[in-house]
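So the structure is just underneath, and the comments pick up after that.
Any read-out appearing in this document is the output of simple, stated calculations on the displayed coordinates, not a laboratory observation. The shown structure was predicted, so the numbers you read here are calculated from the model rather than taken from an experiment. Every residue, glycine as well, gets a Cβ built from its backbone with ideal geometry; the counts of neighbours run over all protein chains shown.
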Amino acid sequence: MQPDTAEISSGSQPKPSGKVRLLTLEDLDGRTRAAQQVRETRAAVMEDLGGEDRLSTLERLAADNVALVAAMIADTGARWLQGEQLDPSAIATLQNTFNRTAQILGWQRRARDVTPDLKAYARTLSESPAASSSSASVVAATAQNSPAGNVGTPAGAPQ
């Protein structure tokens, strides 16, 4: 009589746990030229868009994708130049993906806003003793000479 079940070999692969571990750009060994190129391109794209701190989450993700696809395009170009036979439709797909994502981000540089906010400007004034005394005298002189500083005094009347 034959057994109902098949014998399990000792070299069988373990069952998948159901957990998927997704890799990110940060998981890569940054020493490879490809990883360095992606990181440099990503940083340059984000700088062109006004700085990482000014970007939305979707803009950051698009910058990641543009950098990654740009590296893939460079790789396929180098392989083609070495004489490898490549699938033209795969190259066209990469290029179209790059173009669409870059179009969404925009082709023009955005100026970085370097204007300090009011709190930061006030903090720099209060931290500098010389600036504090000179700015206080400027404020006093401005208030004294401006119409708003002479509240209750008719125009043209002596002060």
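Structure summary
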{"quantity": "Per-peptide average of other Cβ atoms within 10 Å, ordering 81-92, 39-50, 17-28, 64-75 highest first", "calculated": "64-75, 39-50, 81-92, 17-28"}
{"quantity": "Loop-resident sites, region 68-132, for chymotrypsin sites (Phe, Trp or Tyr not before Pro), counting at most 12 other Cβ within 10 Å (DSSP)", "calculated": "Trp107"}
{"quantity": "Cβ-Cβ FRET estimate between Ala122 and Ser56, R0 fixed at 22 Å, reported to 0.05", "calculated": "0.15"}
{"quantity": "Karplus-derived 3J(HN,Hα), 6.51/-1.76/1.60, for each residue of region 44-59, Hz, glycine and proline x", "calculated": "5, 5, 5, 5, 4, 8, x, x, 4, 5, 9, 8, 6, 4, 5, 5"}
{"quantity": "Region 25-105: translational diffusion in µm²/s, Stokes-Einstein, Kirkwood Rh over Cα pairs, 25 °C, 0.890 mPa s", "calculated": "182 µm²/s"}
{"quantity": "Charged-residue dipole, Cβ positions (Lys, Arg, Asp, Glu), region 25-105 about Cα centre, Debye nearest 20", "calculated": "160 debye"}
{"quantity": "Furthest towards positive pole of dipole, Asn65, Gln37, Gln85, structure part region 25-105, Cβ charges", "calculated": "Gln85"}
{"quantity": "Taking region 25-105 and dividing mean pair separation by its residue count, relative contact order in percent (alpha carbons under 8 Å, at least six apart)", "calculated": "30 percent"}
